[in-house]
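S.K.: Sharing a structure with you now.
We did not get these values from a lab; they are worked out from the coordinates using the rules stated. Not measured: the values here are computed from a predicted model. Here Cβ is always computed from backbone atoms with ideal geometry, including for glycine, and neighbour counts include all displayed protein chains.
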Amino acid sequence: MTVASSPLLDRLQQKLHELDTQHLSRQRRTVSTPHAPRMTVDGRPIVAFCSNDYLGLAAEPRVVEALQQGAELYGAGSGASHLISGHSTSHAALENKLAEFLSPWVPSARALYFSTGYMANLALISALAGKDAEIFSEALNHASLIDGARLARAKLSVYPHRDLQALDEQLRQSHAKEKLVITDAVFSMDGDIAPLRELLALCEQHGAWLLVDDAHGFGVLGDTGRGVLEHLDLGSPQLIYMGTLGKAAGVAGAFVAAHETVIEWLVQRARAYIYTTASPPAVAHALLTSIDIIGSEEGGQRRAHLKDLIARLRERLQLKHWQLLPSDTAIQPVIIADNATTMATGKALMEQGFWVGAIRPPTVPTGTARLRITLSAAHTAEQVDQLAAALVSIEKSHR
Ligand SMILES: *Cc1c(COP(=O)(O)O)cnc(C)c1O
């Protein structure tokens, strides 16, 4: 049956056509191998520089084995939401482990495990920021923080990227009884680290709480991988820490570590926590192994290797026109600016066997389309050298 004419379909078709002509349509590629730098994509072997598997744990045999063991212990699914009968001993053990992991920086913390980071942010912000509150959100925040703030009933103010003075002014002028500043710790499309020490000082001065989304720092930053708070040695009871477990931890999900009262409120009232099936207990079981590796000496070696690769890439990637952004993290963006050239460069890299994310608006501001190179401890120095050489030569051929 065909729909002869429908305003909805007509509009969607026209919008899709517009995306096409602006080089903004996106396509999925299909991966048929485990997640590692060498993968098979649409049937072809490539080396990937676009994953968030920063420590190379996604295909780590001990983590995979723990997942299998978890399935044997607990079965495939959780069967219900956490507040009904889906909360297993593996979820509880993971939450205890994470709370302990973060305890030096978030005193009297409890941790709560979520199926995804996106949901954690929706749940957290909408449950905490009621109509008497004001949210202060950094301009380059991740979509999940933005959507969480939209869902909350609180007033919303956005402050420009890294602009402490503007935030100070907004906090000063606010009459809200409760204030919540929300920020990425490592900006996901830029790779820079938020000035958290200064942000925390401002929050303390104005009685605001600080929510830090450490999706790209947990497991990667800090001597023992505990993330940005360890890296900067920052702690406060008015900190709410969110870390994801599908990136450096290599599995899936996220957690919030915060004051026990905050966590208890989320359990009672956060809709995106309550009204959804608990993730498979086997996933939480696998994460116990993954967190052990992150905190171990081996985790430290993986982080040291990653650090070497970051320095190596920056040294070799000598570009003339395109701009490698200043970043010390595993996220190394190259700004090309226009959408068509960014796409063409991504394609040229793919033809040479490298998969790098080409990021366009609306994920980044218009006119700042970029390649987002991400490095992993699973990469070799040789692979990094080859990528840098390929990109330098593609830039030459464009000019
Ligand atoms: C990836 C990401 C999320 C979402 O986490 P998922 O577990 O992938 O849903 C949230 N915040 C930031 C900054 C991220 O990069």
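S.K.: Give me the net charge for the shell around residue 58: Cβ to Cβ below 14 angstrom, other residues only, Lys and Arg +1, Asp and Glu -1.
M.R.: Neighbourhood net charge equals +1.
S.K.: Under 1.5 on a/c is rounded, so check that first for segment 1-146, then, if it is not, pick prolate when a/b is larger than b/c and oblate when it is not; a ≥ b ≥ c are the square roots of the alpha carbon gyration tensor eigenvalues.
M.R.: Taking the square roots of the gyration eigenvalues as a ≥ b ≥ c, segment 1-146 is oblate.
S.K.: Students often forget the sequence filter, so: which lysines lie under 27 Å Cα-Cα from residue 320 once same-chain residues fewer than 8 apart are removed?
M.R.: Reachable lysines: 307, 347, 396.
S.K.: Additional query: Name the GluC sites (Glu not before Pro) in segment 325-399 that are in a loop by DSSP and that have at most 15 other C-beta atoms within 10 Å, would you?
M.R.: Here no GluC sites (Glu not before Pro) fit, given the DSSP loop and packing criteria.
S.K.: Using the charge dipole of the chain (Lys, Arg: +1 at Cβ; Asp, Glu: -1 at Cβ; taken about the Cα centre), state which of 130, 19, 346 has its Cα farthest towards the positive end.
M.R.: Farthest towards the positive pole: 19.
S.K.: Can you tell me how much longer the chain between residue 31 and residue 197 gets when fully stretched, taken as 0.36 nm per residue apart minus their C-alpha distance, in nm with one decimal?
M.R.: Fully extending the segment from residue 31 to residue 197 adds 55.7 nm.
S.K.: Taking the Cα centre of segment 49-152 as origin, work out the dipole magnitude from +1 charges on Lys and Arg Cβ and -1 charges on Asp and Glu Cβ, in debye rounded to 20.
M.R.: 180
S.K.: Another one. Can you sort 317, 210 by how many other beta carbons sit within 10 Å, fewest first?
M.R.: Sorted ascending by nearby Cβ count, the order is 317, 210.
S.K.: Quick one: work out the % antiparallel among DSSP beta bridges in the chain, nearest 5.
M.R.: Of those bridges, close to 55 percent are antiparallel.
S.K.: Right, next: Expressed in nm to one decimal, what extension gain is obtained for the pair residue 292 and residue 351 from 0.36 nm per residue of sequence separation less their Cα-Cα distance?
M.R.: 17.4 nm
S.K.: Can you pull out the GluC sites (Glu not before Pro) in segment 153-212 that DSSP calls coil and that have at most 12 other Cβ atoms within 10 Å?
M.R.: Hits after loop and neighbour filter: nothing returned.
S.K.: Continuing with the same structure: So which trypsin sites (Lys or Arg not before Pro) in segment 96-155 pass both tests, a DSSP loop state and at most 16 other Cβ atoms within 10 Å of the Cβ?
M.R.: 131, 153
S.K.: To make sure I understand, if each residue's beta carbon is the centre and we count other beta carbons within 10 Å, what order do 244, 366 fall in, fewest to most?
M.R.: With the sparsest Cβ surroundings first, the list reads 366, 244.
S.K.: Can you give the relative contact order of the chain as a percent, counting alpha carbon pairs under 8 Å and 6+ residues apart?
M.R.: 22
S.K.: Let me ask something else about it. Could you work out the relative contact order of segment 101-207? I mean the mean sequence separation of Cα pairs under 8 Å and 6+ apart, divided by the number of residues, in percent.
M.R.: Reported as a whole number, the value is 26 percent.
S.K.: Which residue, 202, 40, 6, has the largest displacement toward the positive end of the dipole of the chain when charges sit on each Cβ (Lys, Arg +1; Asp, Glu -1)?
M.R.: Of the options given, the answer is 6.
S.K.: Run the helix sum for the chain: -39,500 (n - 2.57) per DSSP H stretch of 4+ residues, divided by residue count, reported at 222 nm to the nearest 500 deg cm²/dmol.
M.R.: After summing the helix terms and dividing by residue count, I get -13500 deg cm²/dmol.
S.K.: Going by how many other Cβ atoms sit within 10 Å of their own, how do 228, 262, 384, 392 line up, fewest first?
M.R.: Ordered from fewest to most neighbouring Cβ atoms within 10 Å, 228, 262, 384, 392 come out as 392, 262, 384, 228.
S.K.: Sticking with this structure for a sec: Taking the Cα centre of the chain as origin and charging only Cβ (+1 Lys, Arg; -1 Asp, Glu), how large is the dipole, in debye to the nearest 20?
M.R.: For this selection, approximately 1000 debye.
S.K.: Given the Cα atoms of segment 1-56, and with Rh set as the inverse mean 1/r over their pairs in the Kirkwood sense, what is Rg to Rh to two decimals?
M.R.: Reported Rg/Rh (Cα atoms, Kirkwood Rh): 1.23.
S.K.: Which value, to two decimals, describes the C-alpha radius of gyration of segment 97-255 once divided by 2.2 N^0.38 Å?
M.R.: Relative to the 2.2 N^0.38 Å estimate, segment 97-255 comes out at 0.95.
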